[in-house]
Amino acid sequence: MKKLSLFIVCFIAVASLLTASSSYEELTKNFSVGKVETQSLSVMTFGPEGILFVGDAKGGKVFALDLNDRVENTATKGFGVEDIEGKLASLLGTDAKGVIIHDLAVNPISQNIYLAVSRSDANKLGFWKTPNDITNANILLRINPKGDITEVDLSSINHNKANIPSVIAEGKSTNYRKSDNRTDAITDLAYDDGKLYITGLSNEEFASALRVLAFPFGKKAAYSTIEVYHVAHGAYETEAPMRTLLPYQLDGKKYILGAYTCTPFVSIAVDDLSAKKHMKTKTLGEFGFGNIPIDIIQYKNKGKDYILMSNNSKALIRIDPNDIPSQEALTTPLKDGEYAVGIAHSVLSRVGITQIDNLNEKNVLVLQRMPNGQLNLRSYNTDWL
């Protein structure tokens, strides 16, 4: 849940472009030092100057944190920590089943890794239960390239915050889940070109929403309610939130690429977004029901762009963005015997992977559950994906 968009030659080049376009002083001029009054570290992503954006679903806010983490690391080495749950448990004074990792984000400047964590009963996680459904993350941890793990002190940090408009009320249910949906007030966020794109549920009649928030903060977020044609269900739906998203430029035009539970893959032209406008996404593909997509990133394999998506119950899915323009919108239900339809995609032989993010130009960082049940933090060389 966590993605600095990549639109040019490599991951590090993007960080350089972003830092050059807006100075640190300009981006943080409205920041102040103090306690970060967040109620949940629901989802995270990095923006320019190593600023970490945190979506607080319970509080209905987005926080921008100045981590003072701007020393450039241009190494292209891989990284790994075995039994990450055990190591976090030792740090936090519990056991491996007493820790839940809610999200992961890599600072593209320093390659420091940040984890949103809670001391919670991991046994409560289930097929349809995400970490944020179990509890609210309230611990932010940093892992440096040497593997040292430290807690980020949120009691005194330079930061700013912005309210998210029309978030779904606590305790409110919809047909989508039939329970408290506040945990999905913010399901993902992604930064691109001075804007933060935020998905989640609103209190509007059509609950699913996509907000656009300018950064530095100051203006109110604009938002559109959105609906998706769900091929597996054979219906247009407005109550299920987009689970993960990625801003992406294609043929000189910017799009939001995203995925929903069960697993429609969609696009929205950024130019079509406007405040309080209802719109339909374009369903490009259906990758199979019984699944929750978790993260979507862009990376390069031997110089060629690919889109990579991780899931809670499927292997990694890879999409060639060059196939997007020619893919017609899907508007009819699955036929008997059909499972996945639409845009061509590859299912990679990398299983048990949940969170993913770009580590550097040559490596993608993942959280991967191994066959023995151990959770490892490891990287895959992009030439192997």
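Considering 169, 137, which residue is outside any helix (DSSP H, G or I) and surrounded by fewer than 22 Cβ atoms within 10 Å (Cβ to Cβ)?
Numbers: 137 fails: surrounded by fewer than 22 Cβ atoms within 10 Å (Cβ to Cβ).
Result: 169 is the single residue among 169, 137 that is outside any helix (DSSP H, G or I) and surrounded by fewer than 22 Cβ atoms within 10 Å (Cβ to Cβ).
Checking the stated criteria, residue 369 turns out to be at pLDDT 95 or above, over 22 Å from residue 190 (Cα atoms), out of contact with any Pro (no Cβ under 9 Å at 6 or more places or on another chain) and basic (Lys, Arg).
Go over the candidates 104, 92, 141 one by one and state the one that is aliphatic (A, V, I, L, M) and more than 18 Å from the chain's Cα centre (by Cα).
92
Check region 41-64 and report whether any residue there is touching a residue at least 40 places away in the same chain (Cβ under 8 Å), within 20 Å of residue 151 (Cβ to Cβ) and surrounded by fewer than 19 Cβ atoms within 10 Å (Cβ to Cβ). So far as region 41-64 goes, no, none of its residues is touching a residue at least 40 places away in the same chain (Cβ under 8 Å), within 20 Å of residue 151 (Cβ to Cβ) and surrounded by fewer than 19 Cβ atoms within 10 Å (Cβ to Cβ). Screening the candidates 284, 316 for the property of being in contact with a Leu (Cβ under 8 Å, 6 or more places away or on another chain) and closer than 21 Å to residue 44 by Cα yields one hit, 316. Looking at residue 59, is it of a type in the set (Gly, Ala, Ser), within 23 Å of the chain's Cα centre (by Cα) and not in a strand (DSSP E or B)? Here the answer is yes, as residue 59 does meet what is asked.
Residue by residue, here is whether (1) surrounded by 21 or more Cβ atoms within 10 Å (Cβ to Cβ); (2) in a strand (DSSP E or B); (3) of a type outside the set (S, T, N, Q) holds:
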position	(1), (2), (3)
101	yes, yes, yes
104	yes, yes, yes
114	yes, yes, yes
123	no, no, no
133	no, no, yes
147	no, no, yes
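Per this entry, residue 65 is not counted among residues that are over 28 Å from residue 381 (Cβ atoms), of a type in the set (A, V, I, L, M, F, W, C) and assigned to a helix (DSSP H, G or I).
For region 18-27, name all the residues that are surrounded by fewer than 18 Cβ atoms within 10 Å (Cβ to Cβ) and modelled with pLDDT of 70 or more. Residues satisfying the conditions are 22, 23, 24, 25, 26. Residue 174 fulfils the conditions (1) at pLDDT 95 or above; (2) farther than 23 Å from residue 63 by Cβ; (3) out of contact with any strand residue (DSSP E or B) (no Cβ under 7 Å at 6 or more places or on another chain) except for a single criterion, (1).
Of 236, 248, all but one fail to be touching a Phe, Trp or Tyr at 6+ places or on another chain (Cβ under 7 Å), in a strand (DSSP E or B) and under 27 Å from residue 47 (Cβ atoms); the exception is 248.
So how many residues does region 329-385 have that are in contact with a strand residue (DSSP E or B) (Cβ under 9 Å, 6 or more places away or on another chain), surrounded by fewer than 16 Cβ atoms within 10 Å (Cβ to Cβ) and of a type in the set (Asp, Glu)? Result for region 329-385: 2.
Considering each residue of region 364-385 in turn, at least one proves to be in contact (Cβ under 8 Å) with a residue 40 or more places away in the chain, over 20 Å from the mean Cα position of the chain (by Cα) and part of a strand (DSSP E or B). Quick one: would you say residue 236 is touching a helix residue (DSSP H, G or I) at 6+ places or on another chain (Cβ under 8 Å), of a type outside the set (D, E, K, R) and surrounded by fewer than 24 Cβ atoms within 10 Å (Cβ to Cβ)? Here the answer is no, as residue 236 does not meet what is asked.
Answer yes or no: is there a residue in region 325-333 that is touching a residue at least 60 places away in the same chain (Cβ under 8 Å) and either aliphatic (A, V, I, L, M) or touching a His at 6+ places or on another chain (Cβ under 7 Å) (or both). Yes, because at least one residue in region 325-333 is touching a residue at least 60 places away in the same chain (Cβ under 8 Å) and either aliphatic (A, V, I, L, M) or touching a His at 6+ places or on another chain (Cβ under 7 Å) (or both).
From the list 85, 72, the lone residue that is at pLDDT 95 or above, surrounded by fewer than 19 Cβ atoms within 10 Å (Cβ to Cβ) and not in a strand (DSSP E or B) is 72. Within region 344-363, the set of residues being of a type outside the set (A, V, I, L, M, F, W, C) and part of a strand (DSSP E or B) comprises 346, 354, 355, 357, 358, 360, 363. Taken over region 248-287, residues that are surrounded by fewer than 17 Cβ atoms within 10 Å (Cβ to Cβ), out of contact with any helix residue (DSSP H, G or I) (no Cβ under 9 Å at 6 or more places or on another chain) and within 25 Å of residue 358 (Cβ to Cβ) amount to 3.
Just one residue in the set 309, 242 is within 24 Å of residue 357 (Cβ to Cβ) and not in a strand (DSSP E or B); that residue is 242.
For region 111-119, the criterion of being at pLDDT 95 or above and more than 24 Å from residue 37 (Cα to Cα) is met by at least one residue.
The values are calculated or read from the model by the stated rules, or taken from the named source; none is laboratory data. Since this is a predicted model, take the numbers as computed values, not measurements. Cβ sites come from the backbone with ideal geometry, for glycine too, and all protein chains shown count toward neighbours.
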